[in-house]
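Colleague: Mind having a look at this structure? Questions to follow.
The values are calculated or read from the model by the stated rules, or taken from the named source; none is laboratory data. Everything quoted here is computed from the prediction, not taken from an experiment. Methodologically, a virtual Cβ is constructed for each residue, glycine included, from the backbone with ideal geometry; neighbour enumeration extends over all protein chains shown.
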């Protein structure tokens, strides 16, 4: 995107929103960098602070590595554009995100993926197995939602909301993975842990041997252990290093 467009978008938004745009664009680029994107499908949304209930979401039709701070689309809770954009927006893709944002005032970002490992585990009857340290983190705040077809119907929202509850990890049966976080950084780190958990599980199962499971008593103490390890700011602890890596490999996100 050229500098004139960038300047126009920055002129229209607050400094706080611009920084949110930069972080969300970085998140899209990092998802692409890690191989979690599904062409132009799936979304990452972020709530803009304030009483208006506005959100940022990707331009529909762009690859994740094409998303920039300027071309993110600002929408209301019904996915209607607030700032004019030459790009289309996908209201159907916002159904799941709007459902989560509507009942979770504690979270800023919702991240949804369709990775092979994530979908493979989502199709397993027993879901996430307690067979790795990563899995214990997920299991400490995990919920499940049964598949109801492509998520385009508003009447699914209430069931998804009830299933999610206060969890930060949601396994969408036969569909994929979803994380929500207090910040964009938290949502990304949660997805990194979720995706890694699924990859480990598929790899372990492919060995054909009986799997050793973690004692359930250990899982109950994981949330406390994580707070001790990162002072309750796990995402913020990791995020600066991720941005430094992105600046070396793919710096165009901040345009």
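Colleague: Every residue in segment 174-226 that is part of a helix (DSSP H, G or I) and at pLDDT below 95, please.
Modeller: Passing the criteria: 216, 217, 218, 219, 220, 222, 223, 224, 225, 226.
Colleague: Name the one entry in 25, 32 that is under 16 Å from residue 242 (Cβ atoms) and surrounded by 22 or more Cβ atoms within 10 Å (Cβ to Cβ).
Modeller: 25
Colleague: Considering segment 153-173 alone, what residues qualify as being surrounded by 12 or more Cβ atoms within 10 Å (Cβ to Cβ) and assigned to a loop (DSSP other than H, G, I, E, B)?
Modeller: Answer for segment 153-173, where residues must be surrounded by 12 or more Cβ atoms within 10 Å (Cβ to Cβ) and assigned to a loop (DSSP other than H, G, I, E, B): 167, 168, 173.
Colleague: Test residue 134 against the criterion of being assigned to a loop (DSSP other than H, G, I, E, B) and either modelled with pLDDT under 95 or farther than 21 Å from residue 20 by Cα (or both), and give yes or no.
Modeller: Judged against the criteria, residue 134 is not a match.
Colleague: Going by the structure shown, is residue 57 modelled with pLDDT of 95 or more and over 27 Å from residue 243 (Cα atoms)?
Modeller: no
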